[in-house]
1. What pairs can you find where one residue is in the range 137-166 and in contact (Cβ under 8 Å) with a residue 12 or more places away in the chain and more than 17 Å from Glu90 (Cβ to Cβ), the other is surrounded by fewer than 20 Cβ atoms within 10 Å (Cβ to Cβ) and among the acidic types (Asp, Glu), and their Cβ atoms are less than 9 Å apart, with a gap of 6+ or different chains?
2. Report the residue count in the range 127-165 for those that are modelled with pLDDT of 95 or more and in a loop (DSSP other than H, G, I, E, B).
3. Considering only residues of the range 87-126 that are part of a loop (DSSP other than H, G, I, E, B) and among the small types (Gly, Ala, Ser), which is farthest from the ligand (Cβ to nearest atom)?
Amino acid sequence: MAALAVAILSVPVAGALAMPSDEPVVEQPAMEEPAMESVVEDQATEDQATEEQATEDQATEEQATEDQATEEQVTEEQAATASLSDEQMEEARTIFANWSCGACHVMGDANGTGHIGPSLDGNNAMDEAFIISRVTNGQGAMPGFGGQLTDEEIALLATYIMEAKR
Ligand code: HEC
């Protein structure tokens, strides 16, 4: 990087130095322009260097953020405290209603009032992995939805239930 900067800089400087011998003395004032340009370029190169440094810093930060995200994900999986957007919440409510989950389960946020299955409100015995497994495979009177809902929809439901149950 330093060698490159010197190479770039040396071009306008050499040009500026060559100017006076070729040009008549009258043109002398014009000399200031390229000289200034080289200063400007100098500044530009420095700016660029700073920017590159900034980009590197940012890359490091992004890496750090990614690491953090991975950590957060692990924590989420353990504590199941994922946070859904309003849209995702709404989508989950729709799936919950469309597949009649509420006919068998109490869950106020999704207007579920059924008592065939355990209430999801007040249910502290679940985590996301458990819900995913139950909803995918079913159990006893609980039908499995594995063939009807996608893995993403089931995962969304699981996160939603963990977040919205009261
Ligand atoms: C026909 C009634 C019925 C429907 C419809 C139904 N479930 Fe269930 N569900 C049950 C029953 C019964 C259980 C208890 C199964 C067992 O442990 O034997 C259960 C268990 C569960 C559990 C585990 C709760 C616990 O504490 O054991 C979750 C979570 C769940 N259902 C979510 C859903 C979702 C989400 C839907 C909709 C996609 C749904 N259920 C649809 C009857 C139903």
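The values are calculated or read from the model by the stated rules, or taken from the named source; none is laboratory data. Predicted, not measured: the structure shown is a model, and the values here were computed from it. In this analysis, Cβ positions are derived from the backbone assuming ideal geometry, glycine residues included, and neighbour counts consider all displayed protein chains.
1. Phe145/Glu153; Arg166/Asp109; Arg166/Asp121
2. Number satisfying all stated conditions: 12.
3. Among those that are part of a loop (DSSP other than H, G, I, E, B) and among the small types (Gly, Ala, Ser), it is Gly122.
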